[in-house]
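Reviewing the structure listed below.
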Amino acid sequence: MTQRLPIPGSDNGTWGDILNGFLQVEHNADGTLKKASDIATALSKANSSVQTVNSKTPTNGAVNLTASDVSAVNTSQLGVAGGVATLDGSSKLTASQLPTSVDMLSRAQAAEALLASAIQTSSRGLLLGVAPGGANPTPQQLEAFNTQIAPRRADMVLLSSSFPNAPLFTNQIAMCQALGAIPQVMWDPITTLGSFVDGSQDANLLNAIFRCQAVNGPIIIRLAHEFTLSSTFGAGESPASFVAGWQYVVDFFNGANANGGNPSSQTAPNVVWCWNPNVWSIESGGRDRSHPLLPR
């Protein structure tokens with residue numbers, strides 16, 4: 001039976017019974033509320049709950065926030081200049097959102113600081129370079145090596161890459177940095193260095209600069225490593241051609257625009273260049289110590 005309040009001018013003789021029936025829905029016989037404990041619990045939770053959000057208090061039990069209250073970005077600012085970059089379905093930036101220029105001053109300073117710090121903290125002021133299992137070790141090989149020489153750790157890790165097939169091994173470089181090591185890349189062209197001077201590899205060089213800019217720290221590049229071996233890269237190339245090609249690549253990384261291939265004069269000052277012959281015998285006695293393949 002649904003309980004109700006008495007109706008004035010009606011319910012004669014049953015008025016009190018109807019009122020008592022209505023009150024007994026929520027009250028005990030002694031007049032106390034049947035759900036008093038539930039109300040007390042709810043009140044306690046309310047007193048200990050969030051009272052304000054970003055200095056805003058609730059109104060009718062709700063807090064209304066604007067985008068600025070939670071540092072949210074308006075959707076009109078997504079993927080536009082001066083706004084916020086968005087990711088594609090592979091969690092990568094789209095090409096249209098990549099910068100056309102990057103201020104590298106802070107990275108150049110960071111590269112110098114990292115090299116200096118590594119030398120100062122390393123044993124006898126030297127950097128320990130390693131290639132466990134050969135060039136391009138796996139993270140497991142590198143960690144196993146570090147465990148063997150603990151508490152010492154590898155300062156540099158040897159990587160190998162051909163050009164332009166694989167300008168830089170981005171994943172391996174990231175691995176080196178994650179383990180606190182400096183990547184040293186043997187970067188070997190599949191053709192003579194002198195052939196670079198005509199600008200035919202400018203697009204690949206510019207792509208390599210962008211990859212280096214994305215690395216927050218120094219990269220040591222051994223361009224055409226051990227070139228004095230007859231069986232290695234550049235074999236048979238004249239000294240003048242080799243030196244011209246080497247200097248062209250380095251100048252390009254420093255912002256040169258000889259053939260228009262570096263239109264924005266992009267630079268990668270975090271790259272440290274390593275001139276790496278296989279054997280160079282220097283005689284004592286004040287003789288000429290220059291090398292025909294030594295760039296200026």
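The values are calculated or read from the model by the stated rules, or taken from the named source; none is laboratory data. Note that the coordinates shown come from a computational prediction; the quantities given were computed from them, not determined experimentally. Positions of Cβ are generated from backbone atoms using ideal geometry, with glycine treated the same way; all protein chains shown enter the neighbour counts.
Some points to look at:
- Among the candidates Ser91, Ser76, Ser37, residue that is modelled with pLDDT under 70 and either among the aliphatic types (A, V, I, L, M) or not in a strand (DSSP E or B) (or both): Ser91
- Selected residue (criterion: nearest to Ala214 (Cα to Cα)) from residues of the range 240-272 that are among the hydroxyl-bearing types (Ser, Thr, Tyr) and part of a helix (DSSP H, G or I): Tyr248
- Restricting attention to the range 180-194, the residues that are touching a strand residue (DSSP E or B) at 6+ places or on another chain (Cβ under 9 Å) and within 14 Å of Pro218 (Cα to Cα) total 5.
- Criterion (within 23 Å of Asp251 (Cα to Cα), of a type outside the set (Ser, Thr, Tyr) and either at pLDDT below 85 or in contact with a Cys (Cβ under 8 Å, 6 or more places away or on another chain) (or both)) met by exactly one of Ile149, Ile182, Ile209: Ile182
- Number of the exception - Val249 against (1) at pLDDT 80 or above; (2) surrounded by fewer than 18 Cβ atoms within 10 Å (Cβ to Cβ): (2)
- Residue pairs meeting the criteria (Cβ under 8 Å; at least 6 apart or on separate chains; first buried (at least 18 other Cβ atoms within 10 Å of the Cβ), in the range 158-170; second at pLDDT below 75 and in a loop (DSSP other than H, G, I, E, B)): Leu159/Phe169; Ser161/Pro167; Ser161/Leu168; Ser161/Phe169
- Flag if Val25 is out of contact with any strand residue (DSSP E or B) (no Cβ under 9 Å at 6 or more places or on another chain) and either modelled with pLDDT under 80 or exposed (fewer than 10 other Cβ atoms within 10 Å of the Cβ) (or both): yes
- Odd one out for Leu193 among (1) more than 16 Å from the chain's Cα centre (by Cα); (2) surrounded by fewer than 17 Cβ atoms within 10 Å (Cβ to Cβ); (3) touching a residue at least 40 places away in the same chain (Cβ under 8 Å): (2)
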